[in-house]
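Undergrad: Okay, here's the structure, questions in a sec.
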Amino acid sequence: MSLEETTAGYPRTITLSSGTSIELRMITGADRNAILEFARSLPEEDLLFLRVDLTEPQNVDEWIRRIESGQSAAIAAYEGERLVGYAKLHRETARWTRRLGELRVNVSPHLRGKGLGRILTSHIFDIGQAMGLRKLTAHMIADQHGAQAAFRRLGFVPEALLADYVEDGNGKPRDLVIMSHDIDGLTEFVGTPLRA
């Protein structure tokens, strides 16, 4: 299926196991203020490890430019009018990494553990497949055990541990874990029911 055909299925509404109704839609420039509000509502610990500081308007503008240029794709999750999560695929333009995408997922604390992150990941995998990507990676801090467990449940495996690779907001060095998964493998593993 082409990228246009895949993304034409949005927006769509899903219901979490908790009964919460969520609308999934492709992120566009119209989501700019909602992204800012979402990022500014996150706990300080979450903000420390965002690849891009989404509390800054110019960074959100650049983030959206990458989406509009086709270098990235992202799905937003809305609870009513409030953005409560997203899944983003970023791909490099270099020829030798053009089939590799980096997955970034973030969910509001009040909806964590309710399956939204897993559903967003499943949907963004379909988009990654339509973009022609073959493998996805996810980067996280070594002590983010919950995030690692969630990615393991989806079939991701640790590929590398980079000691003292990143710094937190206080300048303390932290280890970075890189996990990866073959796109075709996760699509089969996750299955149709998660795509709601």
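Bear in mind these aren't lab numbers, they're just calculated from the coordinates by the rules spelled out. All figures in this text were calculated on a predicted structure; none of them were measured in a lab. We place every Cβ from the backbone using ideal geometry, glycine too, and count neighbours over all the protein chains shown.
Undergrad: Just add up the charged neighbours of residue 48: K/R +1, D/E -1, any other residue whose Cβ is under 12 Å from the Cβ of residue 48.
TA: Working: positive: 51, 172, 174; negative: 44, 45, 46, 53, 143, 167, 168.
Net local charge, residue 48 excluded: -4.
Undergrad: Now a separate question. Taking the alpha-carbon distance from residue 172 and a cut-off under 17 Å, which aspartates and glutamates remain once sequence neighbours fewer than 8 residues away in the same chain are dropped?
TA: 44, 45, 46, 143, 164
Undergrad: Right, next: Full extension from residue 16 to residue 145: what is 0.36 nm times the residue separation minus their Cα-Cα distance, to one decimal in nm? It would help to have the intermediate numbers written out before the result.
TA: On the way: separation 129, 0.36 × 129 = 46.44 nm, distance 2.31 nm.
Once the chain is fully extended between residue 16 and residue 145, it gains 44.1 nm.
Undergrad: Among 96, 63, which comes first, then next, by fewest other beta-carbon atoms within 10 Å?
TA: Values: 96 7, 63 20.
Ascending number of Cβ neighbours within 10 Å: 96, 63.
Undergrad: Indicate, rounded to the nearest 5 percent, the antiparallel portion of the DSSP beta bridges found entirely in the chain. If you can, show how the numbers build up before the last one.
TA: Details: 37 of 40 bridges.
Of the beta bridges lying entirely in the chain, close to 90 percent run antiparallel.
Undergrad: Further question: Can you find, among 129, 89, 27, the residue sitting farthest towards the positive end of the charge dipole of the stretch 3-195, where Lys and Arg contribute +1 and Asp and Glu -1 at Cβ?
TA: Towards the positive end, the residue furthest out is 129.
Undergrad: Same structure again: Grab the other residues whose beta carbon is less than 13 angstrom from that of residue 21, score K and R as +1, D and E as -1, and report the net. Walk me through the numbers before you get to the answer.
TA: Details: positive: 12, 82, 114; negative: 23, 79, 81.
With Lys, Arg at +1 and Asp, Glu at -1, the neighbours total 0.
Undergrad: In addition: Could you estimate the translational diffusion coefficient of the stretch 1-106 from the Stokes-Einstein equation, with Rh from the Kirkwood formula over C-alpha pairs, at 10 °C and 1.306 mPa s, in whole µm²/s? Don't skip to the answer; put the middle values down first.
TA: Numbers: Rh = 14.7 Å.
Result for D is 108 µm²/s.
Undergrad: How big is the chain along each principal axis, measuring the range of its Cα positions in Å and listing the largest first?
TA: Its Cα atoms span 43, 34, 34 Å along the three principal axes.
Undergrad: Using a Förster radius of 30 Å, what is the FRET efficiency between residue 61 and residue 172 based on their Cβ-Cβ separation? Nearest 0.05, please. Write down the numbers at each step before the final one.
TA: Values: r = 30 Å, r/R0 = 1.00.
Efficiency at R0 = 30 Å is approximately 0.50.
Undergrad: Lysines within cross-link reach of residue 88: Cα-Cα under 26 Å, excluding same-chain residues under 8 positions apart?
TA: 114, 135
Undergrad: Could you list 69, 122 so that the one with the fewest beta carbons within 10 Å of its beta carbon is first and the one with the most is last? Provide the component values of the computation, followed by the final result.
TA: On the way: 69 9, 122 22.
Ranked by crowding around the Cβ, least crowded first: 69, 122.
Undergrad: Residue 175: net charge of surrounding residues, Cβ under 10 Å, Lys/Arg +1, Asp/Glu -1, itself excluded?
TA: Summing Lys and Arg as +1 and Asp and Glu as -1 gives -1.
Undergrad: OK, next. Taking the Cβ of each residue in 10, 78 as the centre, tally the other Cβ atoms inside 10 Å and list the residues starting with the fewest.
TA: Details: 10 15, 78 20.
Ranking 10, 78 by Cβ neighbours within 10 Å, fewest first, gives 10, 78.
Undergrad: Another one. Please state the relative contact order of the stretch 66-182 as a whole percent: Cα pairs under 8 Å, 6+ residues apart? Display every interim value, and only then the final one.
TA: On the way: 191 pairs, mean separation 22.9, N = 117.
Reported relative contact order: 20 percent.
Undergrad: Taking H as built 1.01 Å from N, whose amide H comes closer than 5 Å to the amide H of residue 159, not counting residues under 5 places away?
TA: Placed amide hydrogens put 178, 179, 180 under 5 Å from residue 159.
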